[in-house]
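Below you'll find the structure, written out as structure tokens, and then a few comments.
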Amino acid sequence: MYHAIIAEDSKPILRNIRMLIEASGLPVQVTATASNGQEALERLETQHADILLTDIRMPKLDGLGLIEQAKLLNPRLQTVLISGYSDFEYARRAVNLQAFDYLLKPVEQAQLTDVLTRLLKQLREQERSDRRLLEGVVAPEVLAAMPLDAGLLAGERISLLIRRQPFAPEPQGGREWTADAVADALRARSWAAGLRVLPTPQAGQWLALPEARADLSAEELADEARQALADGGLPAAVLAAPQPAELRALAGIYGKLDRAMRDRLTVDGRLASPGAGEAESGASPQGGEAAKLALQAQLAELIAQRQKERFLLLLRRSLPHWLAGSARYAGLERFVRWLADELAPQSFAPAAGGGHAAAGESARQASADQAGPSAADSADAEVSALLARSGAAAFADALHDWCASRFDALQEPSRRGGEELFEQLDRYLRQNLSAQLSVADAAQQFHVSPSYISRVVKRYTGSTFVHHYMGLKIDEARRMLASGPEIKVKHVADALGFVDPHYFSKVFKEYEGSSPTEFKEKWG
């Protein structure tokens, strides 16, 4: 519903316009009326309006003066002038300057409905444009229902990015980490006039938008906000944009602040100096990024081999590196989400025949027809809950227990499903020896990830997918070459999907130790 204010010094005309608006069937509600321009301006100062319908000639403040003052309060206000025939040229000039359109007295239903219909279309287009400016800045579920009032859209604002400190204790006194709680804590400061606090797509992170001020620097504002939140029992890291900006620049500013927060936020809740790497703080594992990658490779191998105890021992030993005070929190978060991916329940569903369908390639591939939240959402919620633990020690214990539980869930379906998957995969490959299948093709066929296909093949053959598939082709080549002297090497190569017979001969010799011709002469 859109809100309108009518300014008209003639009570009969005002009543008629109000009645026509109500009879139009349009989503417009008259929320206030005024008998002169000054009274209308006072109404606009205290309540929100999308539309102003105003007579040109009124006492105290005429229509053009009212529009001029109203636009200062709300630049996005849409205005419609009401004029008599003697004001026609005057009204036309006003439209060229600021007003959306004009209505001639006596105002008629068709005329009013036409003007308001066109005006509402413009308002909707402007609202869609305004919401697009906030996409990627405000959490989607909040943005969809959030009113975009003039107070938020008008003028320049300071941008403060607020991030809950990692492993911060829960607020006392029944308080919670919400946009309202953050706003309440900040409003205690004198600089927080007109403050708006918006939840961002990143959990535990908000964008605070106080009105622009000239007496505090960005760094001072960030310090003030940090202290205000700490005083309110909400310990947080705060970054401020160097300059105030209008709404249209907010997405770019938020992107820069979000990247800076990710780059600088440490596990102990401080902000590292810009550009300082973890190695400079001594917080990264020995060997830095290479050591982290090597650790993940070790953990992944232990998962593939289903070595639970060794996996948990290595995880426990490695956590102090990830939890070192000056280690980057973003690195820890990526590591935990990587663990969740690696420990997701693996399964498969045959593409044709058979009714087997386990829990999905991973928790994110849960059956779409099941009621309730998806397994992917559930896993993501579990990770978020882990990272929201109060205290690093509690987080480490919870992560260890959670990984152990996930490992147990992974092992049993793996014992039952892995062998069955390999049997069906092997049969599928044997039925398609004339093709040139890749591990991605097999993964798509059985609705699992390529990495899971590779692990299953490795577990049951000790070889890679490519070598196993090629080995099956060479086995068939041996059978065909030994079937009789009339068989030609080129026909065998063609039948097994080799475009180049010379390449086929080279591969055959690598596997067999002799060329196809030599093999045929000996066994054909």
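Full extension of the chain between E68 and A440 yields a length gain of 127.5 nm, computed as 0.36 nm times the residue separation minus the alpha carbon distance.
Rounded to the nearest 500, what is the 222 nm mean residue ellipticity of the chain from helices alone, with -39500 (n - 2.57) per DSSP H run of 4+ residues and division by all residues? Present the calculation step by step, with values, prior to reporting the outcome.
Details: 22 runs with 282 residues, N = 524.
Per the formula, -17000 deg cm²/dmol.
The angle between the Cα long axis of helix 11-23 and the longest principal axis of the Cα atoms of the chain comes to about 20 degrees, rounded to the nearest 10.
Remark: the Cα gyration tensor places the range 140-264 in the rounded category, a/c being less than 1.5.
Under the 0.36 nm per residue contour assumption, what length would be gained going from the current alpha-carbon distance of R175 and A385 to full extension? List each step's numbers first, then the result.
Details: separation 210, 0.36 × 210 = 75.60 nm, distance 1.77 nm.
Full-extension gain reported as 73.8 nm.
Put a dot 7 Å past the Cα of E309, heading toward its Cβ, do the same for E510, and the two dots end up 4.0 nm apart. Helix 288-304 and the long axis of the chain differ in direction by around 60°, with both axes built from C-alpha atoms.
Decide, for the range 376-524, between rounded, prolate and oblate: order the square roots of the alpha carbon gyration tensor eigenvalues as a ≥ b ≥ c, take rounded if a/c falls under 1.5, and otherwise choose prolate if a/b is larger than b/c, else oblate. The shape class here is prolate. Extension gain, E521 to R337: 0.36 nm times the residue separation minus the Cα-Cα distance gives 60.5 nm. Averaging the Cα positions of each part gives two centres, and for the range 387-459 and the range 294-343 these lie 17 Å apart.
Which label marks the calculated value of volume of the Cα convex hull per residue in Å³, given the options (i) 208; (ii) 249; (iii) 145? The value computed from this structure is option (ii).
Going by the alpha-carbon gyration tensor, a ≥ b ≥ c the square roots of its eigenvalues, is the range 2-132 rounded (a/c under 1.5) or, if a/c is not under 1.5, prolate (a/b greater than b/c) versus oblate?
rounded
Packing order of peptides 455-466, 309-320, highest average first: 455-466, 309-320 (average count of other Cβ atoms within 10 Å over each peptide's residues).
Rule-based calculations on the coordinates, nothing more; no lab input. Bear in mind the structure is a predicted one, so any value in this text is a computation, not a measurement. Note that we place each Cβ from the backbone using ideal geometry, even for glycine, and neighbour counts take in every protein chain shown.
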